[in-house]
Structure formats: C-alpha cells, structure tokens
Amino acid sequence: MSVEDRERWDKRYAGGWKTQLHRTLLEFYHLAPVGKALELACGTGENAVFLAKVGFNVDAIDVSCVAIDKAKKRALEEGVQVNFICADLDEYKLSTDTYHLVINFYYLNRKLSEAIVKALKPGGILIFETYNEKHIILREDFNPLYLLKCGELPDLFKDLELIYHAENFNVSTFVGRKIT
C-alpha cells in the first residue's frame, strides 16, 4: 500500500468514519474454537473488541494508525485487551499455524490468501467477506482491482473445507475450515 493510501485512510478515520460489527461474524464466529483470533484491516476495531469480549485472544491489524488509536480507545472503554497493530499488510508477515479464527471484512489483497491459510491452525476458521465485481454498479469510481470476481473466493481458499459461500448481489462471503 502506498503512503498516499495510508494517508487517505488516516484522513477518513480522522474525519469520524468507523467500521461496524459485521453480521457475518456474529453468524459464524462460534464455529471456531475459542483461542487466538486475527482480524485483517480491522479499522476502528468493532469486530476485534467483540471477539475479545467473547473470550478470544485477538491480534488486529490496520494500515491506519488513526484507526488503530481509535480501536485501542474503544477496547479500553469496553474493558478488553486486543493486540492492535498498525502495519501495512503488503509488508507484514502473518504468523504460521497460529490462529483459531481469521476474519477479513471489506479488504481484498489476493496476495495474502496463501498466508491467511497458513496462519490458521488445523480446525481453524476463516470468515472472509468483501465486495465483488457487481459493486461497480453502485460505485463506478471503485477500483476494480479491489473487487472479487463472482465465485472467486472458493478458488482463493481452495485449501480450506467450504462451510459457507454466498454471492449476495455486490458482496461475496466465504467461511472455511482448515483441515490439515
């Protein structure tokens, strides 16, 4: 990610934008054994804080240090501990065989798919949801490099056992389990 991208995200979060607790997380997090969790592109930390509240030991990464500062404040207010990390996921190395749960909402970096699978412990769950190519109908200015092709997620995570996959208009969702 470029310096300009980081500055754009910092500006967005400084202006009051915040991420939301995702319904898909609420539907599927219970499939993972409670243990260590990772959220990629965590924004202001709503998902990470939720996971900490239900017993997970959470690492959460975002490129925006402004978002990370807000997330740390939220965790403090909620009385939970989360290891928030300000880092560029193009450069950050994910730990191998570490996480019982990895979540990714509305962030697409195809180069990370192999590292995400390797980061999961056997039996670990991936919950991944982001925009697909139909999103361009709603937002013509959206960079198509950050849009999935319809049906792409099962291919990106073909080494995981498919639990759930859906294409709901402009959003693609995948839930899978690492078997080996």
Exercise for the section: Looking for whichever is at pLDDT 95 or above and either of a type in the set (A, V, I, L, M) or more than 19 Å from Lys93 (Cα to Cα) (or both) here; the options are Leu108, Leu120, Leu145, Leu138. Which one fits? Expected result: Leu120
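Mind telling me which of the residues Lys18, Lys36 ends up being among the charged types (D, E, K, R) and out of contact with any strand residue (DSSP E or B) (no Cβ under 6 Å at 6 or more places or on another chain)? Step through it out loud before you land on a result.
Numbers: Lys36 fails: out of contact with any strand residue (DSSP E or B) (no Cβ under 6 Å at 6 or more places or on another chain).
Of the residues listed, the single one that is among the charged types (D, E, K, R) and out of contact with any strand residue (DSSP E or B) (no Cβ under 6 Å at 6 or more places or on another chain) is Lys18.
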Handout entry: In region 24-57, the residues that are free of Cβ contacts under 8 Å to residues at least 60 places away in the same chain and either part of a helix (DSSP H, G or I) or touching a Cys at 6+ places or on another chain (Cβ under 9 Å) (or both)
Key = Leu26, Glu27, His30, Glu46, Asn47, Ala48, Val49, Phe50, Leu51, Ala52, Lys53
Exercise for the section: Inspect all residues belonging to region 64-85 and state whether any of them is open to solvent by 30 Å² or more (accessible area, probe 1.4 Å), among the polar types (S, T, N, Q) and under 25 Å from Lys158 (Cα atoms). Expected result: no
Exercise for the section: Could you tell me whether region 62-71 includes any residue that is in a strand (DSSP E or B) and under 14 Å from Tyr99 (Cα atoms)? Expected result: no
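On the given criteria, is Leu21 in contact with a helix residue (DSSP H, G or I) (Cβ under 9 Å, 6 or more places away or on another chain), within 22 Å of Phe157 (Cα to Cα) and in a loop (DSSP other than H, G, I, E, B)? I'd like the intermediate steps shown before the answer.
Working: in contact with a helix residue (DSSP H, G or I) (Cβ under 9 Å, 6 or more places away or on another chain): yes; within 22 Å of Phe157 (Cα to Cα): no; in a loop (DSSP other than H, G, I, E, B): yes.
No.
Matching residues to (1) open to solvent by less than 70 Å² (accessible area, probe 1.4 Å); (2) in contact (Cβ under 8 Å) with a residue 24 or more places away in the chain:
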| residue | (1), (2) |
| --- | --- |
| Asp90 | no, yes |
| Asp97 | no, yes |
| Tyr107 | yes, yes |
| Glu114 | no, no |
| Phe142 | yes, no |
| Asn168 | no, no |
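Of everything in region 116-139, what is touching a residue at least 60 places away in the same chain (Cβ under 8 Å) and either surrounded by fewer than 20 Cβ atoms within 10 Å (Cβ to Cβ) or of a type in the set (A, V, I, L, M, F, W, C) (or both)? Give them in sequence order.
Listed by number, the residues that qualify are Ile116, Val117, Ala119, Lys121, Gly123, Ile125, Ile127.
The values are calculated or read from the model by the stated rules, or taken from the named source; none is laboratory data. In this text, all values refer to a predicted model and were calculated from it rather than measured experimentally. FYI the Cβ positions are ideal-geometry reconstructions off the backbone, even for glycines, and counts take in every protein chain you see. Side chains are part of the model used for accessible areas, which takes the heavy atoms of the whole protein and leaves out ligands, DNA and RNA. Shrake-Rupley method; radii C 1.70, N 1.55, O 1.52, S 1.80 Å.
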